[in-house]
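One structure below.
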Amino acid sequence: MTQVTIYHNPNCGHSRTALAWLQGNEGKEAGVHDVTVIEYLKKPLSAEQLGDFFERIDTPLMDFMRVGGDVYKELGLQGQHFDNKSMADILSAHPQLMQRPLVFVGKRGLIARDIGKLQAFIEDAQDDE
C-alpha cells in the first residue's frame, strides 16, 4: 500500500482529476491507501522545498513553470533561462506559476497532469516498496 502526497490547486482541472483518481477506486485498486493533500497556494512552498522537488522529479526544469498564464507574461519571463535557484525563487514568490499537481511517493515525484502517467508512476512506486 502506498502513501502519496499531492501538491494541489483546487482551481486546476488537472489537479482535481489527479486527486479524484488517487482518492477514488482506481487509486485504491492501484494500491494507494493514504493521500496527503497540500494546497500550496494557501501555504506557498519555500525555495528550499522547491529545490528539493527539482531533484526528486526527473523532468526538465522549465516543466515546473506554467508559461501560458497572465502572471508569466506580466513578470516578463518569456525567453528567460533559469537555474535551479532562480526557478525556486520565482516559484516560491509566485506559486500560481508552478505546474501542478505535483505527486510524491517516498523520494520520487511526478508532475501529474496525465492520469496514465500517474497510474504508471504509482505502479512503479509499488515495485520500489
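The values are calculated or read from the model by the stated rules, or taken from the named source; none is laboratory data. Remember, it's a predicted structure, so these values are computed and weren't measured experimentally. Note that we place each Cβ from the backbone using ideal geometry, even for glycine, and neighbour counts take in every protein chain shown.
Table for the structure above
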{"read-out": "Pairs where the first residue, in region 9-21, is modelled with pLDDT of 95 or more and the second is assigned to a helix (DSSP H, G or I) and not aliphatic (A, V, I, L, M), C-beta under 6 Å, 6+ apart", "value": "N9/S15; W21/G27"}
{"read-out": "Hits in region 28-40 (condition: surrounded by 16 or more Cβ atoms within 10 Å (Cβ to Cβ) and either under 19 Å from I90 (Cβ atoms) or of a type in the set (S, T, N, Q) (or both))", "value": "Y40"}
{"read-out": "Evaluation of N25 against (1) assigned by TED's automatic domain parsing to the domain that holds I111; (2) surrounded by 12 or more Cβ atoms within 10 Å (Cβ to Cβ) (one fails), failing number", "value": "(2)"}
{"read-out": "Complete set of residues in region 87-129 that are over 18 Å from the mean Cα position of the chain (by Cα) and either not acidic (D, E) or not in a helix (DSSP H, G or I) (or both)", "value": "Q126, E129"}
{"read-out": "Count - residues of region 77-105 that are farther than 14 Å from M62 by Cβ and either polar (S, T, N, Q) or in contact (Cβ under 8 Å) with a residue 60 or more places away in the chain (or both)", "value": "8"}
{"read-out": "Filter result for the condition that a residue is surrounded by fewer than 18 Cβ atoms within 10 Å (Cβ to Cβ) and of a type in the set (A, V, I, L, M, F, W, C), over F64, F82", "value": "F82"}
{"read-out": "Meets criteria (among the polar types (S, T, N, Q) and buried (at least 16 other Cβ atoms within 10 Å of the Cβ)) for Q49", "value": "no"}
{"read-out": "Qualifying residues in region 120-129 (those that are surrounded by fewer than 17 Cβ atoms within 10 Å (Cβ to Cβ) and in contact (Cβ under 8 Å) with a residue 24 or more places away in the chain) - the one nearest to D70 (Cα to Cα)", "value": "E123"}
